[in-house]
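Visitor: One structure, pasted below without further comment.
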Amino acid sequence: MIDNKFLYNFHPWIGLIGVVLGFGLGEGGRYILYRWKLHRKKEIINLELRIILHQLSQKISIINQAVKNLEEKRLMPIYSVKFETTGYHSVINSLIPHLTAKERSCLYYIYEYLRVTDIVLDTFEEKFIHYGINKIVQDPYIVFINRLKEFSELCQRNKYIIRSYLEGNPIDVLELSVTIKRAE
């Protein structure tokens, strides 16, 4: 049995313990939910990057087929499905404060490169025909074969950068560590 004198001396502390416990449970739950949402947003980006890796392989294959056709003096349309970037655009603003400088620059580089890739591939046929009709260059086949080969190499580089991000060791694409050291 508990002594009444003990309860009398302990009484003021019961209220304080209740307040601390209530605060801890409320804020603890909110913090756990906050961290879970951050984790889900990062998972959205990671899942999307895995899909993009597959898409990049397909685009490289299309580019290589187009190069072979151009080498045979045939034009092959290289339209393809645009890269999936919805997840990135929906969560990046809320994730920026929680990413390192390397992660931010790596993601920016990846997604900006994907945007440019889509534009280049979508306008390839139109530009090729424009160069040929207007005789902007003597042999548009050679020019566009070289462009597509360079682009294929850039796609391979972007795959490498995406893999580095997914493995948790993003490449310092903008050489931020070198820039920061120079500024110091």
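Please treat every number below as a calculation from the coordinates, not as lab data. This is a predicted model, so every value here is computed, not measured. Every residue, glycine among them, receives a Cβ derived from its backbone with ideal geometry; neighbour counts consider all protein chains shown.
Visitor: Would you grab the residues whose amide H sits under 5 Å from the one on ILE171? Only those 5+ places off in sequence or on another chain, please, with H modelled 1.01 Å from N.
Guide: TYR165
Visitor: Now for a different question. With 20 Å as the cut-off, how large is the P(r) tail for the chain, expressed as percent of Cα-Cα pairs? Don't jump to the answer; show the numbers that get you there.
Guide: Details: 11267 of 16836 pairs.
In whole percent, the long-distance tail amounts to 67.
Visitor: Cα to Cα, under 14 Å, and not fewer than 8 places away if on the same chain: which aspartates and glutamates meet these conditions relative to LYS73?
Guide: GLU125, ASP139
Visitor: Say we join alpha carbon atoms closer than 10 Å with springs in a Gaussian network model of the chain; which of LEU25, LEU70, LEU53 then has the biggest fluctuation?
Guide: Per the Cα network of the chain with a 10 Å cutoff, LEU25 tops the list.
Visitor: OK, next. Quick one: what are the phi-derived ³J(HN,Hα) couplings along the range 19-31, Karplus 6.51/-1.76/1.60 with θ = phi - 60°, whole Hz, x for glycine and proline?
Guide: Result, rounded to whole Hz: 5, 4, 5, x, 4, x, 5, x, 6, x, x, 5, 5.
Visitor: Taking θ = phi - 60°, what integer Hz values does the Karplus form 6.51 cos²θ - 1.76 cosθ + 1.60 yield along the range 49-57, in sequence order, with x for Gly and Pro?
Guide: So the Karplus estimates, Gly and Pro as x, are 5, 5, 5, 5, 4, 5, 4, 4, 4 Hz.
Visitor: Kindly provide the helix-only [θ] at 222 nm of the chain, computed as the sum of -39,500 (n - 2.57) over DSSP H runs of four or more divided by all residues, to the nearest 500 deg cm²/dmol? Write out the running numbers ahead of the final one.
Guide: Working: 5 runs with 146 residues, N = 184.
Rounded to the nearest 500, it is -28500 deg cm²/dmol.
Visitor: Report, to one decimal in Å, the Kirkwood hydrodynamic radius for the range 92-159 based on all distinct Cα pairs. Before the final figure, lay out the partial values.
Guide: Working: mean 1/r = 0.0706 Å⁻¹.
Taking every pair of different Cα atoms in the range 92-159, averaging 1/r and inverting gives 14.2 Å.
Visitor: Once a ≥ b ≥ c are taken as the square roots of the eigenvalues of the Cα gyration tensor of the range 37-111, is the result rounded (a/c under 1.5), prolate (a/b larger than b/c) or oblate (a/b not larger than b/c)? Before the final figure, lay out the partial values.
Guide: Values: a/c = 3.72, a/b = 2.91, b/c = 1.28.
Prolate shape, in that a/c is at least 1.5 and a/b is the bigger ratio.
Visitor: Give me the lysines in straight-line cross-link reach of LYS102: C-alpha distance below 29 Å, same-chain residues under 8 apart excluded.
Guide: Filter leaves LYS37, LYS41, LYS42, LYS59, LYS82, LYS149, LYS159, LYS181.
Visitor: Within the chain, which is the longest segment that contains none of the trypsin sites (Lys or Arg not before Pro) sitting in a DSSP loop with at most 16 other Cβ atoms within 10 Å?
Guide: Values: sites that count: LYS73, ARG74, LYS82, LYS135.
No qualifying site falls inside 1-72, the longest such stretch.
Visitor: Sticking with this one: Ordered by residue, what ³J(HN,Hα) values in Hz, to whole numbers, does the range 148-165 give under the Karplus form 6.51 cos²θ - 1.76 cosθ + 1.60, where θ = phi - 60° and Gly and Pro are x?
Guide: Rounded to whole hertz, the list is 5, 5, 4, 5, 4, 5, 5, 4, 5, 5, 5, 4, 4, 5, 4, 4, 4, 5.
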